[in-house]
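The structure under discussion appears below in the form of structure tokens.
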Amino acid sequence: MFNRSDITRNQCQLFGGQAKLGYDWWWHSFTAIDSATGEEKPFFIEFFLCNPACGGAEPVLGQLPANRAKGVKPSYLMVKVGCWGEGARQIHNFYGWEKIDVEMGVPFSIKAGECFLTENKTWGRVSLSEEEVDKHPEYMSGSGELSWNLTINKKIAFNVGYGAGNLFRKLQLFEMFWHAEGMKTEYSGEIVLDGHKYTVDPKTCYGYADKNWGKDFTSPWVWLSSNNLTSKRSGKKLENSVFDIGGGRPKVGPFALNRKLLSAYWYEGKPYEFNFSKFWTFTRTKFESSETEDEIIWHVEQKTWTNRMVTDITCKKKDMLLVNYEAPNGKKLHNRLWNGGNGKGTVMLFHCGKLVDEVICENVGCEYGEYDQQ
């Protein structure tokens, strides 16, 4: 069953070849409530480590023109924070490896400057002025200031199985690994964005926590997840449910597996999994992502011998970001990687040909992008 906690997968994985060419990131997203108006706003916090063996006292930025010309690989901790919806933005601060304290054991921890992250708590402050943004395009950042102090309670996991198990991690066979220790996570605490306070409540945050690591990214890149679900059958909120879909074009060594997704749907305590690596389930996947003038659209159909899941999600571009990352080799090929937290849609679940439920999804975390054609 996929709902198995394994915090060893949340350890820092930047050893061996991935220390010289690798990244490791911990992602957290959730919805907060404006303390003054009561309105919802989704936020994200990410700690992104890159190429520790190439680092020093100061961060090495791969998109700096001089470094691009020489093929210099990036090396740093990037703390990426931001929000979606009105005023959507991403704000980046960077730290050199000599100024980063990483606990490689269990539980992991990362500390640099004012920022800290471990399994059950995080706090920090990230700030960048408009002048700094204009002066340093290599930061790939917007402007603003965001501070936070949160506790983290991971409730439901998506353990993808042996593909991210101990042996595969040690051999570093996949180009991109994934583990969602908290595909349903309860956060509590406070966010302050540009001096404006937001409260994070565990019952209304619809939180999510996962991590990715490896030597490169995937293209296409697909992610969909929500635990704000309402049953069309009963009309009630599903308090013990969450779905999570991710993948694109995984690579094992030099071999690419075209258009593969890993998916899990925890439906009121019952597990439904669509995992291509578990070949005995005969998982088949079809997915399409498209872009209109105003929206990004996802359609995913997955089947096993006994189950079928059909997911249709849309998110308005005005609520999304073109999220920025550079790969450990210094290349920035994802330049239209759409990322949002306000997706909406439906999921239909079938068992042995019969409809189990059709569910209305809100506060959907969503992502889609493909590499530049060149």
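The values are calculated or read from the model by the stated rules, or taken from the named source; none is laboratory data. The model shown is predicted, which means the values in this text are computed figures rather than measured ones. Because the Cβ atoms are built from the backbone with ideal geometry, glycine has one as well, and the counts that use them run over all protein chains shown. Keep in mind that these areas ignore ligands, DNA and RNA; they rest on the heavy atoms of the full protein, side chains included. Shrake-Rupley method; radii C 1.70, N 1.55, O 1.52, S 1.80 Å.
Summary of values
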item	result
Scope the range 40-71; condition within 17 Å of A112 (Cα to Cα) and of a type in the set (F, W, Y); matching residues	F47, F48
Matching residues, the range 213-241, being farther than 20 Å from C315 by Cβ, in a strand (DSSP E or B) and either open to solvent by 20 Å² or more (accessible area, probe 1.4 Å) or of a type in the set (A, V, I, L, M, F, W, C) (or both)	W213, K237
Some residue of the range 221-235 being without any contact (Cβ under 8 Å) to a residue 24 or more places away in the chain and within 15 Å of E362 (Cβ to Cβ)	yes
Residues within the range 303-321 that are in a strand (DSSP E or B) and touching a His at 6+ places or on another chain (Cβ under 9 Å), tallied	6
Matching residues, the range 253-271, being within 21 Å of the chain's Cα centre (by Cα) and in contact (Cβ under 8 Å) with a residue 40 or more places away in the chain	L261, L262, S263, A264, Y265, W266
Matching residues, the range 210-239, being more than 19 Å from E40 (Cβ to Cβ) and touching a Lys or Arg at 6+ places or on another chain (Cβ under 7 Å)	T218, S219, P220
Whichever residue in the range 345-368 is surrounded by fewer than 23 Cβ atoms within 10 Å (Cβ to Cβ) and of a type in the set (D, E, K, R) and, among such residues, is farthest from F30 (Cα to Cα)	K354
Qualifying residues in the range 150-169 (those that are out of contact with any strand residue (DSSP E or B) (no Cβ under 8 Å at 6 or more places or on another chain) and touching a residue at least 40 places away in the same chain (Cβ under 8 Å)) - the one nearest to E239 (Cα to Cα)	Y162
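Per-residue answers, yes or no, for (1) modelled with pLDDT under 95; (2) surrounded by fewer than 16 Cβ atoms within 10 Å (Cβ to Cβ):
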position: S263; (1), (2): no, no
position: E273; (1), (2): no, no
position: T281; (1), (2): yes, no
position: S290; (1), (2): yes, yes
position: I296; (1), (2): no, no
position: Q302; (1), (2): no, no
position: T306; (1), (2): no, yes
position: M309; (1), (2): no, no
